[in-house]
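Submitted below is the structure of interest, expressed as structure tokens.
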Amino acid sequence: MIVVHGIPNCDTVKKARAWLAEHGVAHRFHDFRKDGVPAERLEDWLNLIGWERLVNRKGTTWRRLDPAAQQAVQDAASARALMLREPSVIKRPVVDWANGQVTVGFDAQSWQGQARLN
């Protein structure tokens, strides 16, 4: 099953979930705020995607961090610690597709092909 990870009030997550529903793509939603960040999946995401793409440096959570906390994020281990502590710093949505692929963010055009593969 496809799992969409994110925060329900995030506009990009809302668009992604609406797109999946409109296209009849069955999925489950994993709420970072209610359910936390799945530590074992985070390890996989870091290996597959890289910490640089997972940390959302444009979001309000990142901007709220003090400069020292931002400067401390310099590698996968420090990014992992931050993401576990502040889940909303993760770029959203993170999607675990049924075929084993993982994507970050929402792009309707690339999702069209991804949905056909699942």
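Checking the structure you have, find out if any residue of the stretch 74-86 is acidic (Asp, Glu), surrounded by 12 or more Cβ atoms within 10 Å (Cβ to Cβ), assigned to a helix (DSSP H, G or I) and touching a helix residue (DSSP H, G or I) at 6+ places or on another chain (Cβ under 8 Å).
no
Being closer than 15 Å to LYS14 by Cα, of a type outside the set (A, V, I, L, M) and either touching a strand residue (DSSP E or B) at 6+ places or on another chain (Cβ under 7 Å) or touching a residue at least 40 places away in the same chain (Cβ under 8 Å) (or both) is the filter here, so list the residues in the stretch 97-113 that pass it.
Within the stretch 97-113, GLY105, PHE106, TRP111 qualify.
Which of (1) under 13 Å from the mean Cα position of the chain (by Cα); (2) at pLDDT below 95; (3) hydrophobic (A, V, I, L, M, F, W, C) is the odd one out, the single condition ALA98 does not satisfy?
For ALA98, the failing item is (1).
Also, I was wondering about something else. From ALA26, ALA39, ALA18, grab the single residue that is under 19 Å from ALA108 (Cα atoms), small (Gly, Ala, Ser) and touching a residue at least 24 places away in the same chain (Cβ under 8 Å).
The match here is ALA26.
The values are calculated or read from the model by the stated rules, or taken from the named source; none is laboratory data. The structure displayed is predicted, hence computed values, not measured ones. So basically every Cβ, Gly included, is an ideal-geometry build from the backbone, and we count neighbours across all protein chains shown.
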